[in-house]
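Report on the structure given below.
The values are calculated or read from the model by the stated rules, or taken from the named source; none is laboratory data. These numbers come from a predicted model, not from an experiment. FYI the Cβ positions are ideal-geometry reconstructions off the backbone, even for glycines, and counts take in every protein chain you see. Heavy atoms of the whole protein, side chains included, go into the accessibility calculation; ligands, DNA and RNA do not. Shrake-Rupley method; radii C 1.70, N 1.55, O 1.52, S 1.80 Å.
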Amino acid sequence: MEENCCETEENKKPKKSNSWIIITGLIVILALAIFLFKPSTNSYVALEGYQQPVQFYKSITCGCCDVNANYLKTKGNLNVQISEQTDISDIKKKYGVPSELESCHTAVIDGYFVEGHMPLEAIDKLMVEKPDIKGIALPGMPMGSPGMPGQKQGDFVIYAVNNDGTYGEFMRI
């Protein structure tokens, strides 16, 4: 029997059909869509199932505080109890928030103060580690932080306030 001059070992291998490539591509796209667009669940270890109330002190006239409280309720699934006051400076003094680290509102969770527009990642870290401190603060009202409009620019530097009133960096987000 005479061999075909064009038939080589490579030509004898079955070729992948275009339908196989299309099916594989669709499976990859479907997997990515499920991964990227699945409903978010609370992935915060210490906050998952946290039932204690979070006391949230804010000025009566502050709108961004309401947005931040809603963020804690919806994204963190926290039981936020809002206390509106005409002046919250006494609350900041009571919990030992240094004036250099103040923001527009103060929350209290598990005995710690949480000052400002704090990302849930920092609150979760606080609750996981339970350090011997008064609380944590994100001073000012940084753009792009929870409850504040605009794009985040640079790291959020979050400070830990020690029991003696000194403070240092707790984390960056």
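Quick one: in the range 156-173, which of the residues that are within 13 Å of the chain's Cα centre (by Cα) and in a loop (DSSP other than H, G, I, E, B) is surrounded by the most Cβ atoms within 10 Å (Cβ to Cβ)?
In this case the residue turns out to be Phe156.
Select, from Gly147, Gly135, the only residue that is part of a strand (DSSP E or B) and buried (at least 19 other Cβ atoms within 10 Å of the Cβ).
Gly135
List pairs: first residue in the range 68-84 and among the hydroxyl-bearing types (Ser, Thr, Tyr), second residue assigned to a strand (DSSP E or B) anywhere in the structure, Cβ distance under 9 angstrom, at least six positions apart or on different chains.
Within 9 Å, the pairs are Ser83/Gln55; Ser83/Phe56; Ser83/Tyr57; Ser83/Lys58.
Just checking, does the range 85-95 include any residue being within 22 Å of Met171 (Cα to Cα), open to solvent by less than 20 Å² (accessible area, probe 1.4 Å) and modelled with pLDDT of 90 or more?
Taking every residue of the range 85-95 in turn, at least one turns out to be within 22 Å of Met171 (Cα to Cα), open to solvent by less than 20 Å² (accessible area, probe 1.4 Å) and modelled with pLDDT of 90 or more.
Can you pull out every residue in the range 48-84 that is among the β-branched types (Val, Ile, Thr), open to solvent by 70 Å² or more (accessible area, probe 1.4 Å) and within 19 Å of the chain's Cα centre (by Cα)?
Val67, Thr74
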